[in-house]
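Colleague: Quick one: this structure, given as structure tokens, is what I'll be asking you about.
Coordinate-derived values only; no laboratory data. Please read all numbers here as calculations on a predicted model, not as lab measurements. Because the Cβ atoms are built from the backbone with ideal geometry, glycine has one as well, and the counts that use them run over all protein chains shown.
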Ligand SMILES: [Zn+2]
């Protein structure tokens, strides 16, 4: 087991104290973009009322911590996160970073990589927006036809901030080619790819790309567990392919589910809020039925996310 701490919304937690961790979920997300009137605004009390039952259900299923991936540009709201952490039996982990090109707030567009890295280090080491709530990782995104010049700057800034703090970089990535591009860039900045999570690796059907990323050291995240749009049998096959190739310790599994939508009068996203229990209730049993041992399932759902999100440097 890794020795280190995960920085949660309510403070640092020793990784040994945690069990199953969901590495990619959403609690409060605003996809209208930072220029929309009312962007990322909601009554924290109301958000907690709507989301607490989903957090309690996840806890009842055995989840101990949840990583909120709604980063700057898609709704991050520190008051909401603080209230949710009070209402939640789960530890919550907040992001620093910024979403893809179309969602970068004007103030961040003007900064150079060094200034941005310093801002993100401040959020990881001191607090977000003057609060004492610290971010626990760096969440980025690249455009499907990117990375754009600003997204390249974001990756460079993230590499600097990660090298200084040990924080992992998780990047929304729509294809294997984009994953390779980012891994090349981050390595050129001196980053050990064990500090990189290929988010949405399940969007890339070529399992050779998954294997390549794992071989280079990255975490390969299949985060459409329980999603209606992705056949779950396909996710099972992707997971088995990595296990069989000897890369179980690079697998992360999550739902990419949620969330409270401040753009909607009742807080519901399109299609309603999807909860956080399909992994435990359906997906792990499906892997078990294919011969995956409980030891390996523990590695994938407990040890891997603990290693990924622990802030220990080196
Ligand atoms: Zn997501």
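Colleague: Provide the gained length on full extension for the span residue 180 to residue 295, in nm with one decimal, where the gain is 0.36 nm per separating residue minus the Cα-Cα distance.
Modeller: Numbers: separation 115, 0.36 × 115 = 41.40 nm, distance 3.03 nm.
Stretched out fully, the residue 180 to residue 295 stretch lengthens by 38.4 nm.
Colleague: Counting DSSP beta bridges with both partners in the stretch 5-309, what percentage is antiparallel, nearest 5?
Modeller: Numbers: 5 of 29 bridges.
Taking every DSSP beta bridge with both residues in the stretch 5-309, the antiparallel ones total about 15 percent.
Colleague: Moving on. Highest first, please rank the peptides 97-104, 149-156 by the mean number of other Cβ atoms sitting within 10 Å of their residues.
Modeller: 97-104, 149-156
Colleague: Now, a different point. What residue among 42, 115, 224 shows peak mean-square fluctuation when the chain is described by a Gaussian network model with Cα springs under 10 Å?
Modeller: It is 115.
Colleague: A follow-up question, please. Relative contact order for the stretch 241-314 using alpha-carbon pairs under 8 Å, separation at least 6, rounded to a whole percent?
Modeller: Numbers: 44 pairs, mean separation 27.4, N = 74.
About 37 percent, as a whole number.
Colleague: Now for a different question. Order the peptides 253-266, 8-21 from the highest to the lowest mean number of other Cβ atoms within 10 Å of their residues. Kindly include the intermediate steps, with their values, before the conclusion.
Modeller: Working: 253-266: 20.4, 8-21: 17.3.
Put in order of decreasing packing, that is 253-266, 8-21.
Colleague: Take every Cα pair under 8 Å in the chain that's 6+ residues apart, average their separations, divide by the length, and report that relative contact order as a whole percent. Write out the running numbers ahead of the final one.
Modeller: On the way: 655 pairs, mean separation 70.4, N = 314.
Reported relative contact order: 22 percent.
Colleague: Going 7 Å from the Cα of residue 144 in the Cα-to-Cβ direction, what parts of the stretch 164-185 have a backbone nitrogen less than 11 Å from that spot?
Modeller: Of the residues in the stretch 164-185, 174-175 have backbone N under 11 Å from the label point off residue 144.
Colleague: While we're looking at this one, here's another question. To the nearest 500 deg cm²/dmol, what mean residue ellipticity at 222 nm is calculated for the chain from DSSP H runs of n ≥ 4 alone, each contributing -39,500 (n - 2.57), summed and divided by the residues?
Modeller: Numbers: 11 runs with 114 residues, N = 314.
Rounded to the nearest 500, the figure is -11000 deg cm²/dmol.
Colleague: Using only Cα atoms, locate the centre of the stretch 77-122 and the centre of the stretch 264-308, then give the distance between them in Å, rounded to an integer.
Modeller: Taking the Cα centre of each part, the stretch 77-122 and the stretch 264-308 sit 24 Å apart.
Colleague: Highest mean first, how do 122-130, 77-85, 193-201 rank when packing is the count of other Cβ atoms within 10 Å averaged over residues?
Modeller: Working: 122-130: 16.9, 77-85: 22.2, 193-201: 25.2.
The densest-packed peptide leads the list: 193-201, 77-85, 122-130.
Colleague: With the crude spin-label approximation of a point 7 Å out along Cα→Cβ, what separation in nm comes out for residue 152 versus residue 36?
Modeller: That separation, rounded to one decimal, is 3.1 nm.
Colleague: For the chain, divide the Cα radius of gyration by the Kirkwood radius and give the resulting Rg/Rh value with two decimals. Can you show the working numbers first?
Modeller: Details: Rg = 17.8 Å, Rh = 19.1 Å.
A ratio of 0.93.
Colleague: In the stretch 77-96, whose amide N lies under 15 Å from the spot 7 Å out along Cα-to-Cβ of residue 17? List them in ranges.
Modeller: 86, 89-93
Colleague: Given a Förster radius of 25 Å and the C-beta distance between residue 189 and residue 249 as r, what FRET efficiency does 1/(1 + (r/R0)^6) yield to the nearest 0.05? All intermediate terms of the calculation are to be shown ahead of the outcome.
Modeller: On the way: r = 24 Å, r/R0 = 0.95.
In this case the efficiency is close to 0.60.
Colleague: Along Cα→Cβ, 7 Å out, is where each label goes; now give me the distance between the ones at residue 281 and residue 233 in nm to one decimal.
Modeller: About 2.2 nm, to one decimal.
Colleague: Which of 5, 68 has the fewest other C-beta atoms within 10 Å, and how do the rest follow up to the most? Display every interim value, and only then the final one.
Modeller: Working: 5 19, 68 29.
Sorted ascending by nearby Cβ count, the order is 5, 68.
Colleague: Could you tell me the relative contact order of the stretch 88-145? Use alpha-carbon pairs under 8 Å, at least six residues apart, and round to a whole percent. Present the calculation step by step, with values, prior to reporting the outcome.
Modeller: Values: 58 pairs, mean separation 28.7, N = 58.
Relative contact order for the stretch 88-145 comes out at 50 percent.
Colleague: What is the spin-label model distance, in nm, from residue 45 to residue 212 if the labels are put 7 Å beyond Cα along the C-beta direction?
Modeller: 5.4 nm
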